[in-house]
1. Which residue pairs have Cβ atoms closer than 8 Å, lie 6 or more positions apart in sequence or on different chains, and pair a first residue in segment 45-68 that is without any contact (Cβ under 8 Å) to a residue 60 or more places away in the chain and among the charged types (D, E, K, R) with a second residue that is loosely packed, with under 11 Cβ neighbours inside 10 Å and not in a helix (DSSP H, G or I)?
2. Looking only at segment 41-74, how many residues end up being more than 21 Å from Val92 (Cβ to Cβ) and outside any strand (DSSP E or B)?
3. So, in segment 35-58, how many residues would count as being closer than 18 Å to Pro189 by Cα and touching a helix residue (DSSP H, G or I) at 6+ places or on another chain (Cβ under 8 Å)?
4. Among the listed residues Thr64, Thr22, Thr69, identify the single one that is closer than 27 Å to Pro158 by Cβ, of a type in the set (Ser, Thr, Tyr) and surrounded by 12 or more Cβ atoms within 10 Å (Cβ to Cβ).
5. State which residue pairs qualify: first residue under 18 Å from Ser79 (Cβ atoms) and free of Cβ contacts under 8 Å to residues at least 40 places away in the same chain and inside segment 101-130, second residue hydrophobic (A, V, I, L, M, F, W, C) and outside any loop (DSSP other than H, G, I, E, B) in any location, beta carbons under 7 Å apart, and separation of 6 or more residues or different chains.
6. Please state which of the following conditions Val37 fails to meet, knowing it meets all the rest: (1) aliphatic (A, V, I, L, M); (2) without any contact (Cβ under 8 Å) to a residue 40 or more places away in the chain; (3) surrounded by fewer than 18 Cβ atoms within 10 Å (Cβ to Cβ); (4) not in a loop (DSSP other than H, G, I, E, B).
7. Any idea which of Gly156, Gly124 is at positive phi and modelled with pLDDT of 95 or more?
8. Looking at (1) surrounded by 17 or more Cβ atoms within 10 Å (Cβ to Cβ); (2) on the phi < 0 side of the Ramachandran plot, which is the only condition Phe85 fails?
Amino acid sequence: MADISSLSGLNSAEPLDLDIYTDAKEGFQLPKKGRYVVRAPESFDASAFGATKAGFLKATVDPTVVGPTAEGFKLRFTSVSAKPFQRGKTMVSQLGDYLRACGVRGQIPGDPQGMADAVERTAGATYQVDLDWRAYNKNTGYAVNGMDNFPKDANGEPLSYVIDEEDIDPDTNEPRRLRANLQVVRYVPAA
């Protein structure tokens with residue numbers, strides 16, 4: 001019998017019934033591409049804001065999926081930029097698309113503080129987005145965009161990784177496996 005008498009203050013756990021124990025599932029699968037309802041972070045602190053290379057405000061808005069499936073899945077590395085670009089005859093930005101999706105209307109000052117304040121007011125808001133997969137290797141620039149472009153398993157379901165044959169992992173001496181990330185491809189304007 002193991003002597004653990006030197007470990008003090010340990011808590012008792014629930015008894016384990018290994019005959020009815022729920023085993024871990026095999027493999028990780030990203031949510032499928034499609035339209036989802038997501039929730040903005042509950043708050044934004046100063047670390048959520050930064051600058052783009054071009055000097056425009058950038059806000060990290062990592063949302064959490066609330067439905068219709070994949071509830072609780074958190075998107076990472078999701079940011080929006082105030083850098084303007086032309087859409088039709090109008091100047092727009094990713095930040096503007098985000099605010100419209102969150103239901104924000106009216107005039108937003110063009111100064112960085114006014115835009116940051118507008119983003120901060122979206123804390124906890126739910127909105128719709130179109131999501132899809134992307135894998136990217138910063139070492140080689142190799143990228144695969146879109147769930148439909150990922151390799152398939154034996155059942156025809158997309159695998160949530162790709163192999164970059166040009167990047168050999170020094171630990172395994174095998175081509176590097178790149179995990180897909182779920183990314184926002186479109187902010188759906190609120191009705």
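The values are calculated or read from the model by the stated rules, or taken from the named source; none is laboratory data. Being a predicted model, the structure only gives us computed values, none of them experimental. Ideal geometry is used to build each Cβ from the backbone, glycine not excepted, and the neighbour counts take in all protein chains shown.
1. The qualifying pairs are Asp62/Arg76; Asp62/Phe77.
2. Going through segment 41-74 one residue at a time, the tally reaches 15.
3. Going residue by residue through segment 35-58, those that are closer than 18 Å to Pro189 by Cα are 35-40.
Next, only the ones that are touching a helix residue (DSSP H, G or I) at 6+ places or on another chain (Cβ under 8 Å) stay: none.
So the count comes out to 0.
4. Details: Thr22 fails: surrounded by 12 or more Cβ atoms within 10 Å (Cβ to Cβ); Thr69 fails: surrounded by 12 or more Cβ atoms within 10 Å (Cβ to Cβ).
Exactly one residue qualifies, and that residue is Thr64.
5. Val104/Ala118; Ile108/Leu99; Ile108/Met115; Ile108/Ala118; Ala118/Leu99
6. Result: Val37 passes all but (2).
7. The conditions single out Gly124.
8. Looking at each condition in turn, Phe85 falls short on (1).
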